[in-house]
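A.B. asks: Please see the structure below; I have some questions.
Read-outs throughout are calculated quantities, based only on the coordinates presented, and are distinct from any laboratory measurement. Here the structure is a predicted model, which is why all the values come from computation and not from measurement. Every residue, glycine as well, gets a Cβ built from its backbone with ideal geometry; the counts of neighbours run over all protein chains shown.
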Amino acid sequence: MKSNLIQNMLLIKEPSVMKLFQEINDISLQLIPGVFICSLIVEYFTNLDFIGVVKKLLIALVIIASFQKIHVEAVDLSLSAATQTLNKVSPRNLFVKRWATAKVNTKDKKDWNILESVSIPNLNDLLGTGLFLLSKVFIWLLKLIYSTVYHLTYVFSGITAVLYLFGWTKDSLKGTVQASIWCMLLPFVLVGILSLVGNSVDTRAMSGKLLIVDVDMVIWLFGITLLLLMTPMITFGLVRGDGIQAFGASMGNMVVSSGLKAGAIIPLAQRSTQKLNKYRARKKFLKERES
């Protein structure tokens, strides 16, 4: 595995974003004096908490001056640590293998006939390749989501710092900090999902088993692949304080809701089928009557 595997998997680097950040930061600094005066005026007519406004001003200036550097370095450290963790716990993971290498290496058995020696290794590799390609599609979508949040978090940090000076928009800075923590946690959540697969595919293949016969194994791998797209939701639940169980409850509600909708469609489909059969029977009767 590459040393920067998780970073390559999640992050799109774009130099022009830094120019955008610098421009918005300059605008934020220009807005600070006017917004600070407005905040003092508002406090004069409300709570008279001028010291609180000064504290907010200092926090806003610190955020504008240093948030981008802290955010970038912290996320880089998180990505490197997540890669090292994946290298330790799952070095032969199916979803992080190279494009040109075989996805599943099946060990030959002495009691195989010619058909089995040809079909079993190829079927196993076909299953692994299919899941690998599906995972790459989901990881690319995850990469777009993660890169967007990562870059826009520090790009608009100056604006959120300015808004923090107003009492009714004080949570804007909280959202920026939560987004930065989300960027730091998501690589580890992704590693956790990838580790659920681990090296189980290679282990079963090395024992000479036909993977596609093990239905539970196929469903498990397909479900883990789908979970890659759910990584942002799981991470958001951790940042918000809802925990992993909130994601499980949400998925349970979705399954139950889908089941109820499917159950409601079945009677409707049955009635439609009955009407269609009656129509066909009537049409056949009229045709026989005319003849």
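A.B. asks: For an R0 of 25 angstrom, estimate the FRET efficiency from the Cβ-Cβ distance between Leu229 and Leu196 and round to the nearest 0.05.
C.D. replies: 0.95
A.B. asks: Could you give me the ³J(HN,Hα) list for segment 230-241, computed from phi with Karplus coefficients 6.51, -1.76, 1.60 and θ = phi - 60°, whole Hz, x at Gly and Pro?
C.D. replies: Karplus values, whole Hz, x for Gly and Pro: 8, 4, x, 5, 4, 5, 5, x, 5, 5, 6, x.
A.B. asks: Can you give the relative contact order of segment 2-99 as a percent, counting alpha carbon pairs under 8 Å and 6+ residues apart?
C.D. replies: Normalised by residue count, the contact order of segment 2-99 is 53 percent.
A.B. asks: Stretch Leu29-Ile51 to full length: gain in nm at 0.36 nm per residue minus the Cα-Cα span?
C.D. replies: Difference between extended and current length: 5.9 nm.
A.B. asks: At a Förster radius of 51 Å, what calculated FRET efficiency corresponds to the Cβ-Cβ distance of Val89 and Tyr44, to the nearest 0.05?
C.D. replies: 0.30
A.B. asks: Another question about this same structure. In nm, what is the difference between 0.36 nm times the number of residues separating Asp76 and Leu61 and their Cα-Cα distance?
C.D. replies: Between Asp76 and Leu61, full extension yields an extra 3.0 nm.
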